[in-house]
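The values are calculated or read from the model by the stated rules, or taken from the named source; none is laboratory data. This is a predicted model, so every value here is computed, not measured. We place every Cβ from the backbone using ideal geometry, glycine too, and count neighbours over all the protein chains shown. The protein model used for the area step is the full one, side chains on, heavy atoms only, and it has no ligands, DNA or RNA in it. Shrake-Rupley method; radii C 1.70, N 1.55, O 1.52, S 1.80 Å.
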Amino acid sequence: MLGNIDRILVERGVLSEEHLRHAAELAARRREPLVETIVKERLAKEEDVLQLLGEHQGVRFVNLKEDVVEEAAVKAVSARLVSHYSVMPVSLNGGVLTLAVSNPMDMSSTEDIETNLGFRVERVFACRDDIAEAIRKHYGVGADTVARIMDDMPRHEDGRVRRESHDLSKMAEDASVVKLVNQLFQQAIHDRATDIHFELFDDGAVVRRRIDGVLHDTKVPEDINVLYPALVSRIKLMANLNIVERRLPQDGRVRVTIGRKQYDLRVSIIPALHGENVVVRVLPTTMLLSLEDLGFSTQNLELMTRLIEQPHGVIFVTGPTGSGKSTTLYACLSRLNSAERKIITIEDPVEYEIRRIMQTPVKPGIGLTFATALRSMLRHDPDVMMVGEVRDLETAEITIQSALTGHLVLSTLHTNDAANGAVRLVDMGVDPYLVASSIRAFTAQRLVRVICKDCRETVTEDGKTRYRGAGCRKCNSTWYRGRVALCEILVADENIRKLIMAKASGDEIRRASESGGMTSMTQDGWNKVEQGVTTADEVLRVTSW
């Protein structure tokens, strides 16, 4: 330790005497610098320690989330060097390279870079996580791995990579390619992505991630264009797909462990103009959400709870793809799941496994459709049934007959709002009387992004207090983190049943339900804007249809 900096940490209130003694013991046992131990054990904030050390050593502290990193500096230092030493170039002026480091006691990295690149290096201090984030942002996810792969690839005399010499099946099993795919998956899951898109265009490969319902580009090294066929082949191997077939769509799945959690990856591959495009859907293997977690208003939560406790009838959750219908159904099943109830589901596919519930995936290729599975399901004496989706007349009629014979059935429909649920069933060919006598409720929902709690701030607009995000590391400067549902629940009371039997329009049913007290999705959204949960822009984005 330099001088009496340990005492200064205590005197400045950065570290307590007790924590200092504990850190000193650990550092001695591990034979590592005391500062590194303090940061590792989170005994003091890394930023506070580095700022104090900077004052002591005459080294500037920088915040890489806010300070501008110069492109010239990034190009001057290779991805392999910055990844190996965990440093980040900040600026390059007149042969002087400013380099951000997180370990104040390590001088070897700056000395090696000075020797290898011929620059005079000026150190600045920055937090370890900020350096790692800056490397991903400016060099791309897996940049060091890509650099190593490219170094080992055979080339022409002019230095160009010999693409025709690639053995894709061999490359797909190469340790570096395996590592690169794992890095892309791990980073996407770390950033809470629900889908990862690998796309190939005329000007190169693009990797995108869907986070909170919105797609974002992932910074990847330019050389990933050369490796794109190998990446696709690796993903195919993982999902047990045909690595040679590139002309037809393929679908598969693989279970992976990242950290302490397991995830199901649903892989879909389609041929496109410039090569195969891949979408990987990320699903946790267990569903932990409850109805309370979905963001329902108090009124809607109480109403939904009462509805699913009914002994029989059908409850339809409606909305477009990606509106959270399945999540709501799983939350309902979790609430109902008990030793006294037999619950059976038919799904396409089974997205989350729930203990004590019998879940059946449909397999149309062998004739196991929703309708055929439903007929067999009734012989298993269920109390509650979930049908993943009602797509056709046959499935709709069996679903309704199941409800009329004493079962509670949960299912989904693709309609824009709750009021058009009944209209959709009648259009399919279901007798209006059967619809009216079996349906307990239609619910409709959309997902809106939640204002990030770590950077939420208040603003005044038209004399009213509103809320918005300021942008921070937690939300990746998007202002939002997480999503909640906007919901409307249309209960099929006596008045609504009469309208259904009269084949009333969706608009007529909506007006009647709102007169009876239903809160529309749009109104639910504005309520959440008032409460500071989301923004007006988000409500307009998902309800403008």
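A compact table of results
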| item | result |
| --- | --- |
| Residue 446 being in a strand (DSSP E or B), in contact (Cβ under 8 Å) with a residue 12 or more places away in the chain and among the basic types (Lys, Arg) | yes |
| Subset of the range 106-135 (residues that are open to solvent by 60 Å² or more (accessible area, probe 1.4 Å), outside any helix (DSSP H, G or I) and out of contact with any Leu (no Cβ under 8 Å at 6 or more places or on another chain)) | 107, 118 |
| Filtered residues of the range 361-387 (kept if in a loop (DSSP other than H, G, I, E, B) and out of contact with any Phe, Trp or Tyr (no Cβ under 7 Å at 6 or more places or on another chain)) | 367, 369, 381, 382, 383 |
| The listed residue being without any contact (Cβ under 8 Å) to a residue 12 or more places away in the chain and either in a loop (DSSP other than H, G, I, E, B) or within 20 Å of residue 473 (Cβ to Cβ) (or both), out of 25, 55, 32 | 32 |
| Scan of the range 416-446 for residues that are within 21 Å of residue 212 (Cα to Cα) and either of a type in the set (D, E, K, R) or at pLDDT 95 or above (or both), ordered by number | 444, 445, 446 |
| Breaking point among (1) under 20 Å from residue 481 (Cα atoms); (2) outside any helix (DSSP H, G or I), for residue 518 | (1) |
| Selection count where residues are part of a helix (DSSP H, G or I) and open to solvent by less than 30 Å² (accessible area, probe 1.4 Å), scope the range 311-332 | 6 |
| Pairs with Cβ under 6 Å, 6+ apart, first in the range 468-481 and under 12 Å from residue 450 (Cβ atoms), second basic (Lys, Arg) and open to solvent by less than 60 Å² (accessible area, probe 1.4 Å) | 480/449 |
| Failed item in (1) among the polar types (S, T, N, Q); (2) surrounded by fewer than 23 Cβ atoms within 10 Å (Cβ to Cβ); (3) within 30 Å of residue 188 (Cα to Cα), with residue 534 passing the rest | (2) |
| Scope the range 506-515; condition exposed (fewer than 13 other Cβ atoms within 10 Å of the Cβ) and either out of contact with any helix residue (DSSP H, G or I) (no Cβ under 8 Å at 6 or more places or on another chain) or in a loop (DSSP other than H, G, I, E, B) (or both); matching residues | 515 |
| Residue among 267, 256, 244, 232 that is under 24 Å from residue 323 (Cα atoms) and of a type in the set (Val, Ile, Thr) | 267 |
| Those residues of the range 272-292 which are part of a strand (DSSP E or B) and open to solvent by 30 Å² or more (accessible area, probe 1.4 Å), in sequence order | 277, 279, 281, 284, 286 |
| Considering residues of the range 66-81 that are under 20 Å from residue 125 (Cβ atoms) and of a type in the set (Asp, Glu) only, the residue modelled with the highest pLDDT | 70 |
| Test: residue 334 is within 27 Å of residue 444 (Cβ to Cβ), in contact with a Lys or Arg (Cβ under 6 Å, 6 or more places away or on another chain) and hydroxyl-bearing (Ser, Thr, Tyr) | no |
| Matching option when the condition is in contact with a strand residue (DSSP E or B) (Cβ under 6 Å, 6 or more places away or on another chain), in contact (Cβ under 8 Å) with a residue 24 or more places away in the chain and farther than 14 Å from residue 137 by Cα, among 69, 121, 90 | 121 |
| Residue match in the range 58-70 (condition: assigned to a helix (DSSP H, G or I) and surrounded by fewer than 16 Cβ atoms within 10 Å (Cβ to Cβ)) | no |
| Candidate set from the range 411-436 (those that are out of contact with any helix residue (DSSP H, G or I) (no Cβ under 7 Å at 6 or more places or on another chain) and in a helix (DSSP H, G or I)); member that is surrounded by the fewest Cβ atoms within 10 Å (Cβ to Cβ) | 427 |
| Top-ranked residue of the range 208-241 - restricted to ones that are part of a loop (DSSP other than H, G, I, E, B) and touching a helix residue (DSSP H, G or I) at 6+ places or on another chain (Cβ under 7 Å), ranked as surrounded by the fewest Cβ atoms within 10 Å (Cβ to Cβ) | 219 |
| Count of the range 242-260 residues which are exposed (fewer than 12 other Cβ atoms within 10 Å of the Cβ) and touching a Ser or Thr at 6+ places or on another chain (Cβ under 8 Å) | 2 |
